[in-house]
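Enquirer: Could you have a look at this structure, given as structure tokens, before my questions?
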Amino acid sequence: MDKTKTRNVKFILGLTLTGIILVMMIAGIVHTPYDPMAMDLSAKLEGVSFKHIMGCDNFGRDIFSRVLVGVRETMFVAAAVVFIGTFVGIIIGTVTGYFGGWVDEILMRFNDAVLAFPSVLLALLVIGIMGGGTKALIIALGIAFVPSFARIIRGEVLRIRNLDYIQCVRLYGASHLRIIVVHILPNLRTVLLSSVLIGFNNAVLAEAGMSYLGMGAQPPYPSLGLMLSEAQGVIYSNPWNAVFPGLVIVIMILGFSLLSDSLEKKT
Amino acid sequence: MKAFKKLWRLIFLSATLTVALCACGGDKAGDASAHITIGIPQDLEETLDPHEAMAAGTREILFNIYEGLVKPNSNGELIPAVADEFSVSDDGLTYTFHLRKGVKFHNGSDVTAEDVLYSIGRNADPSSETAYASAFSNVKEYKADGENIVITLNQKDNDFLQSMTIGIIPKDVTDIATNPVGTGPYMYVSRSPQENVILKRFKDYWGEKAYIEDVTLKICSNADSIVMDLLGGSVDFFARITSAQAAQLKDADFNIEEGTMNLVQAMYLNNAVEPFTNEKVRQALCYAVDPKEIINLAFDGKGTELGSSMFPAFGKYFVKEINDVYDVDLEKAKELLKEAGYPDGFSFTIKVPSNYQPHIDTAQVIAEQLKKIGVTAEIKLVEWESWLSDVYIGRDYEATVVGVDASQMTARAMLERFTSDSSKNFVNFKSDAYDAAFNNAISTTDDAKATEYYKECEWILAREAANVYIQDLAEMVAINKKYTGYEFYPIYVLDIAKIKPVK
């Protein structure tokens, strides 16, 4: 089969799945069919119906509404985490890659140390110090994500720095800052794009995992991981409570993976 | 085609990852009836000293290791244990206990009168700071007379016999906190922090020996995975499950037994922090929170509504009418908030121990109910250990939802906590009227009068809205069909020795 064709299939599929998620996210911001926190005794553990298309949980809360808000929450945390990761990663990566020397040595050895530490454990540690909650989770995961970004950027900067045109600009007497901002940073975008997409995926999973462990969003606020964890108590009598949030996580990750996969090869 | 293969792999991978998040099973327990694995929601305290441990979850296990001169049975009556008989003088001041012959400690030595005197002395010594020190402050003299232990009191105390349930420990074991040695039906073997505690049947026990040889107490601090642990077979027994969890287990290999937990579940308020320093604010919360709805939503209608720090198992001390002090009245609640200077409500944080699903569920419903009067309650889950150190000991919190019990079946043990300078007064409740009523209760020798004073204490707690009282939880116990014989106690106790394999 033609290689470009499968790539296109991947691209379209990825785009569709991501589109579904984005629509859900926007719905979560703009309007949910029910108040995701409102409890209703009469709807307790109700099954799938036209009124509640994903059923209701143990407190009679509409699961569809909670999933919509949960998607919003997960996307927000993942985006914030990736933003922190790339932002700090770019600073560290360019400084170390461009200047080298002892700054490079110190920062990168420190980087290695953080990288060598399992990221979930690191996040647990930070959350342990800061106490749970969304804010703590973002900072914790952000810190855990910095090293991998820094490493990728540094490698790329190191490569570009020695290219002829940079040498040329340097001969013209351009300042370090100008070289970095005008001549190096724009060339990082291809590397950045794919690592951001992959990073985003990891962040989604990490958020779900941490919320599942009770470290992220605090009840009654919905988050996909937390919903999975809550559904675990009723998984045999009401499996739908776990299936829907789980399915949404699968769609989310699959969509972004396909998208990053196809984009990576195109560029 | 290769690309499609990769795609499938990706789908498969992301699907299994989600499933993996869902299922955190454990290893299978052995089938032999010589062993049982009991799930407990938190690790025991650092200290296993029977006179120091204060958490209900620790004491309910220590019940199996230590015994007092007398001990409670499942009807709440005191029966002879290390002593085989006892008598009280007519004036109620002198107690005489006769030591039972042939009672051995787990380390093999016999229980002597010196051991008993040592155990009493640890609590009765004026400089003693044990959990029972205040109950023993009334002891004038204690001495051995042959095989009798004679205790004399300063004044008559109808509850004193309850204090004799304190564990008897050998006087020559100095590291009792880490090396528990008692006379109970089970002996301590080892513990791995946050993982398990191992007990073994004491073969030289004086009374009816326990049925099951080896007991593993497995710490299941993740409230959500308890059903998984039970169904997966890594836990055979779990006390205090929720009705939703019980519904999952009914069709499986488990019997669900029902009783009451014998504790006071409430949203405990830190009376020393704004805005809870204001009585009107506390009353407003009481008017806004509807225990009935909580019981219906989160507990399938099972539970007994409470209005003060006292539960029905206490019999004559329990006053049913106190529950009617606050009927749900949102208008009144808003009115009170306005008077207190919070017309637009306020926000506060409820810290809830993350290993207790019933309390988490309750907090969620409370948060929803308080929205109706404009009060925002944020829930913050904390680990049990940090709850104990920050909330209970450090008193660094605004509100918390937990259950509080009494170390003994006495009104004093239940109510002394709320006197202004009690070290256990973690809610910082301060009321002169309460202190006066309590002091009257403990200083009078007339039992009927004392009961009246204790009841007055309960009324004050309700009227001054020390806390938002909710319920005595229904206790549902999941027990594998391989075992039987579990007995409910009117106090917070888990009597493992009564559990036996089904023949």
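The values are calculated or read from the model by the stated rules, or taken from the named source; none is laboratory data. Please read all numbers here as calculations on a predicted model, not as lab measurements. Glycine gets a Cβ as well: all are built from the backbone with ideal geometry, and neighbour counts include every protein chain shown.
Enquirer: Mind listing whichever residues of the range B:431-461 are loosely packed, with under 14 Cβ neighbours inside 10 Å and either within 27 Å of B:N278 (Cα to Cα) or in the same structural domain as B:F136 (by TED's automatic domain parsing) (or both)?
Expert: Residues satisfying the conditions are B:D432, B:A433, B:N439.
Enquirer: Just for the range B:152-178: of the residues that are among the polar types (S, T, N, Q) and under 23 Å from the mean Cα position of the chain (by Cα), which one is surrounded by the most Cβ atoms within 10 Å (Cβ to Cβ)?
Expert: B:S163
Enquirer: What's the number of the only condition in (1) modelled with pLDDT of 90 or more; (2) exposed (fewer than 12 other Cβ atoms within 10 Å of the Cβ) that A:S175 fails to meet?
Expert: Result: A:S175 fails condition (1) only.
Enquirer: Tell me whether the range B:311-322 contains one or more residues that are in contact with a strand residue (DSSP E or B) (Cβ under 7 Å, 6 or more places away or on another chain) and crowded, with 23+ Cβ neighbours inside 10 Å.
Expert: Looking for residues that are in contact with a strand residue (DSSP E or B) (Cβ under 7 Å, 6 or more places away or on another chain) and crowded, with 23+ Cβ neighbours inside 10 Å, one finds at least one in the range B:311-322, hence yes.
Every residue, every condition in (1) in contact (Cβ under 8 Å) with a residue 12 or more places away in the chain; (2) assigned to a loop (DSSP other than H, G, I, E, B), yes or no:
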{"position": "B:M310", "(1), (2)": "yes, yes"}
{"position": "B:F314", "(1), (2)": "yes, no"}
{"position": "B:K332", "(1), (2)": "yes, no"}
{"position": "B:K338", "(1), (2)": "no, no"}
{"position": "B:Y342", "(1), (2)": "yes, yes"}
{"position": "B:G345", "(1), (2)": "yes, yes"}
{"position": "B:V352", "(1), (2)": "yes, no"}
{"position": "B:A363", "(1), (2)": "yes, no"}
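Enquirer: Okay, next question. Return yes when A:M252 is within 23 Å of A:S65 (Cβ to Cβ) and either in contact with a Lys or Arg (Cβ under 8 Å, 6 or more places away or on another chain) or part of a loop (DSSP other than H, G, I, E, B) (or both) and no when it is not.
Expert: no
Enquirer: Against the condition touching a residue at least 12 places away in the same chain (Cβ under 8 Å) and over 26 Å from the mean Cα position of the chain (by Cα), how does B:N107 come out, does it pass?
Expert: Judged against the criteria, B:N107 is a match.
Enquirer: How many of the residues making up the range B:295-305 are within 10 Å of chain A (Cβ to nearest Cβ) and under 13 Å from B:Q265 (Cβ atoms)?
Expert: 1
Enquirer: Take the range A:228-249 and flag every residue that is buried (at least 21 other Cβ atoms within 10 Å of the Cβ) and assigned to a loop (DSSP other than H, G, I, E, B).
Expert: A:N238, the sole residue that qualifies.
Enquirer: OK, next. List, please: which pairs have Cβ atoms under 7 Å, are six or more places apart or on different chains, and start with a residue in the range B:122-150 that is more than 16 Å from B:V70 (Cβ to Cβ) and outside the structural domain of B:S423 (by TED's automatic domain parsing) and end with one that is part of a strand (DSSP E or B) and among the aromatic types (F, W, Y)?
Expert: Listed by first residue and then by second, the contacts come to B:A124/B:Y142.
Enquirer: For the range B:80-128, how many residues are farther than 12 Å from B:V150 by Cβ and in a loop (DSSP other than H, G, I, E, B)?
Expert: Here the count works out to 20.
Enquirer: A follow-up question, please. How about the range B:353-371: which of its residues are of a type in the set (V, I, T) and either facing another protein chain (nearest Cβ under 8 Å) or within 10 Å of B:A298 (Cα to Cα) (or both)?
Expert: Of everything in the range B:353-371, those that are of a type in the set (V, I, T) and either facing another protein chain (nearest Cβ under 8 Å) or within 10 Å of B:A298 (Cα to Cα) (or both) turn out to be B:I360, B:T362, B:V365.
Enquirer: If I ask for residues that are in contact (Cβ under 8 Å) with a residue 60 or more places away in the chain and within 14 Å of chain A (Cβ to nearest Cβ), which ones from the range B:376-397 would you list?
Expert: Answer for the range B:376-397, where residues must be in contact (Cβ under 8 Å) with a residue 60 or more places away in the chain and within 14 Å of chain A (Cβ to nearest Cβ): B:E383, B:W384, B:E385, B:Y397.
Enquirer: Can you name the residue in the range B:323-354 that is touching a Phe, Trp or Tyr at 6+ places or on another chain (Cβ under 7 Å) and not hydrophobic (A, V, I, L, M, F, W, C) and, of all such residues, is surrounded by the fewest Cβ atoms within 10 Å (Cβ to Cβ)?
Expert: Only one residue fits best here, namely B:D329.
Enquirer: So which of B:A377, B:A406, B:A411 is touching a strand residue (DSSP E or B) at 6+ places or on another chain (Cβ under 8 Å) and surrounded by 22 or more Cβ atoms within 10 Å (Cβ to Cβ)?
Expert: After ruling out the rest, the residue left standing is B:A377.
Enquirer: Here's something else I'd like to know. Among the listed residues A:I153, A:I129, A:I143, identify the single one that is surrounded by 15 or more Cβ atoms within 10 Å (Cβ to Cβ), among the β-branched types (V, I, T), part of a helix (DSSP H, G or I) and modelled with pLDDT under 90.
Expert: A:I143 is the lone residue from the list that is surrounded by 15 or more Cβ atoms within 10 Å (Cβ to Cβ), among the β-branched types (V, I, T), part of a helix (DSSP H, G or I) and modelled with pLDDT under 90.
Enquirer: From the list A:G225, A:G216, A:G209, exactly one residue is among the small types (G, A, S), within 8 Å of chain B (Cβ to nearest Cβ) and surrounded by 24 or more Cβ atoms within 10 Å (Cβ to Cβ). Which is it?
Expert: Of A:G225, A:G216, A:G209, the one residue that is among the small types (G, A, S), within 8 Å of chain B (Cβ to nearest Cβ) and surrounded by 24 or more Cβ atoms within 10 Å (Cβ to Cβ) is A:G225.
Enquirer: Name the residues in the range A:228-267 that are of a type in the set (V, I, T), facing another protein chain (nearest Cβ under 7 Å) and within 21 Å of A:V23 (Cα to Cα), would you?
Expert: A:I249, A:V250, A:I253
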